[in-house]
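The values are calculated or read from the model by the stated rules, or taken from the named source; none is laboratory data. Treat the numbers as computed from the prediction; the structure is a model and nothing was measured. All Cβ positions, glycine included, derive from the backbone under ideal geometry; neighbour counts span all protein chains shown. Surface accessibility is based on the protein's heavy atoms, side chains included, excluding ligands, DNA and RNA. Shrake-Rupley method; radii C 1.70, N 1.55, O 1.52, S 1.80 Å.
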Amino acid sequence: MAAPSAAASCEDFAEFQELLRVMRTIDDRIVHELNTTIPTASFVGKIDAGQTCKELYQSLMDAHTSRERIIKNCIAQTSSVVKTLREEREKAQEDVALLKQLRKEQTKV
């Protein structure tokens with residue numbers, strides 16, 4: 001499974017959630033993956049189970065690493081936006097729209 005780029009935008013939270021859902025496909029299908037990876041008794045001699053399991057493991061680790069990188073990137077981006085909004089909020093205490101935007105970004109984090 002090709003992993004989406006780590007520069008994925010997290011401005012649209014619904015889009016970000018969909019990206020994570022797609023990236024979880026291998027985890028969601030792990031039973032199927034195991035059933036197709038580990039050979040049955042009739043195919044034991046035809047397939048290198050050890051190598052196949054290593055490849056499945058590597059696919060899982062790659063998927064987890066990609067998801068972790070994207071999640072951490074979004075946390076960093078959103079935290080930076082929150083910091084900026086907090087600084088702006090200190091200067092404009094009466095700005096209700098700014099407060100709403102700040103709360104929205106804090107909720108996203």
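Quick look at the values:
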item	result
Efficiency of FRET between Leu34 and Ser80 - r from beta-carbon atoms, R0 35 angstrom, step 0.05	0.30
Solvent-accessible area of Ile30 with every protein chain in place, 1.4 Å probe, in Å² to the nearest 10	50
Dipole in debye (nearest 20) - the chain, about Cα centre, beta carbon charges: Lys, Arg +1; Asp, Glu -1	180
Set of aspartates and glutamates with alpha-carbon distance to Lys46 below 19 Å, sequence-local pairs under 8 removed	Glu33, Glu55
Computed [θ] at 222 nm, helices only, for the chain once each DSSP H run of length n ≥ 4 contributes -39500 (n - 2.57)	-24000 deg cm²/dmol
Charge tally in the Cβ shell below 15 Å around Leu56, where Lys, Arg are +1 and Asp, Glu are -1, Leu56 excluded	-4
Dimensionless Rg ratio for the chain, taking C-alpha atoms and the 2.2 N^0.38 Å reference	1.62
Computed accessible area, Arg69, all protein chains, 1.4 angstrom probe, square angstrom	120
Straight-distance crosslink candidates among lysines, where the alpha carbon sits under 25 Å from Lys83 and sequence neighbours closer than 8 are dropped	Lys72, Lys91, Lys100, Lys104, Lys108
Local electrostatic count at Ile75 - Lys and Arg +1, Asp and Glu -1, tallied over other residues with Cβ under 13 Å	+3
Accessible area of Ser79 in the full protein assembly, 1.4 Å probe (Å², nearest 10)	50
Degrees between helix 13-23 axis and first principal axis of the chain (Cα, 0 to 90, nearest 10)	10
Cysteines in the chain that, by Cβ-Cβ distance, have no pairing candidate under 4.7 Å	Cys53
